[in-house]
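Below is one structure, written out as structure tokens, with a few remarks after it.
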Amino acid sequence: GAVVSQHPSRVICKSGTSVKIECRSLDFQATTMFWYRQFPKKSLMLMATSNEGSKATYEQGVEKDKFLINHASLTLSTLTVTSAHPEDSSFYICSARGTSGRGTDTQYFGPGTRLTVL
Amino acid sequence: AQSVAQPEDQVNVAEGNPLTVKCTYSVSGNPYLFWYVQYPNRGLQFLLKYITGDNLVKGSYGFEAEFNKSQTSFHLKKPSALVSDSALYFCAVRDYGNNRLAFGKGNQVVVIP
């Protein structure tokens, strides 16, 4: 299947700092990228959807000023958690869906980023 | 609205026995159906999908699933489970024209040696 990478895989930061997570589609062009948050032993909670070159669409209850999403190219999206607090500690997973051919119907997921805010 | 139900929290099966993970869905139009597997502290790995065509879909690692329109089900199956199949399995559906996937709550599969 298509490959999506995420970096970093794990990050520990102090409360009040900002953290940027990168998501890349390595072997296909992603029209749409998705950012999810997952709590232990729970399903995925969609945070936002972004289309290349457009502003992200945030789900209800997700603060767009806190979780900044940029989808500047067809292979890269970033999530920046601004002024992180301990309650933002979670497992963040990105996902990408392609433009044509490979990956058009299927969402492929990155390996996830474990964020711990002290 | 689109939704997925995975009725069991955990499925226990002995190694070598058949494995079934149940999924039913609800969509307003034609469904795109997916199964993903998640290992601890990892992202989701795509297993298989149904978009159109043959109702029996074969996927990675020996898994298959059968689309049943009348029962609105898409159960995941494997004829002979391996200990390495122990993981969290998610069923997901997307209505044609909808940009977002709806996920089930997930099923923990435990394969007992």
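Taken together, the values in this text are just the output of simple stated rules run on the coordinates, not laboratory data. As the structure is a prediction and not an experimental result, all values here were calculated from the model. Virtual Cβ from ideal backbone geometry, glycine too; neighbours counted across all protein chains shown.
Observations on the model:
- When B:VAL110 is tested against (1) within 14 Å of chain A (Cβ to nearest Cβ); (2) crowded, with 17+ Cβ neighbours inside 10 Å; (3) among the β-branched types (Val, Ile, Thr), only condition (2) is not met.
- Residues of segment A:9-41 that are more than 13 Å from chain B (Cβ to nearest Cβ) and more than 23 Å from A:THR106 (Cα to Cα): A:VAL11, A:ILE12, A:CYS13, A:LYS14, A:SER15, A:GLY16, A:THR17, A:SER18, A:VAL19, A:LYS20.
- B:ARG94 charged (D, E, K, R) and surrounded by 17 or more Cβ atoms within 10 Å (Cβ to Cβ): yes
- B:TYR32 falls short of the stated requirement of being more than 14 Å from every other protein chain (Cβ to nearest Cβ), within 23 Å of A:THR49 (Cβ to Cβ) and surrounded by 20 or more Cβ atoms within 10 Å (Cβ to Cβ).
- Just one residue in the set B:LEU56, B:LEU101, B:LEU88 is over 27 Å from A:GLN6 (Cβ atoms) and hydrophobic (A, V, I, L, M, F, W, C); that residue is B:LEU56.
- If you filter segment B:41-69 down to residues that are touching a Leu at 6+ places or on another chain (Cβ under 8 Å) and without any contact (Cβ under 8 Å) to a residue 12 or more places away in the chain, you find that the one that is farthest from the other protein chains (Cβ to nearest Cβ) is B:GLU66.
- Filter result for B:ASN99 (touching a Phe, Trp or Tyr at 6+ places or on another chain (Cβ under 8 Å) and surrounded by fewer than 16 Cβ atoms within 10 Å (Cβ to Cβ)): no
- Of all residues making up segment A:42-69, the number that are more than 13 Å from chain B (Cβ to nearest Cβ) and of a type in the set (A, V, I, L, M, F, W, C): 4
- Meets criteria (in contact with a strand residue (DSSP E or B) (Cβ under 9 Å, 6 or more places away or on another chain) and in contact (Cβ under 8 Å) with a residue 40 or more places away in the chain) for A:TYR36: yes
- Which listed residue, of A:LEU26, A:LEU76, is exposed (fewer than 14 other Cβ atoms within 10 Å of the Cβ), touching a strand residue (DSSP E or B) at 6+ places or on another chain (Cβ under 7 Å) and not β-branched (Val, Ile, Thr): A:LEU26
- Remark: A:THR80 falls outside the filter, which requires a residue to be within 12 Å of chain B (Cβ to nearest Cβ) and more than 23 Å from B:GLN38 (Cα to Cα).
- Listed by first and then second residue, the pairs with beta-carbon distance under 7 Å, at least 6 apart or on different chains, first residue in segment A:42-66 and within 28 Å of B:GLU8 (Cα to Cα), second assigned to a loop (DSSP other than H, G, I, E, B) and among the basic types (Lys, Arg), are A:SER43/B:LYS105; A:LEU46/B:ARG100.
- B:SER84 vs. criteria exposed (fewer than 14 other Cβ atoms within 10 Å of the Cβ) and among the hydroxyl-bearing types (Ser, Thr, Tyr): yes
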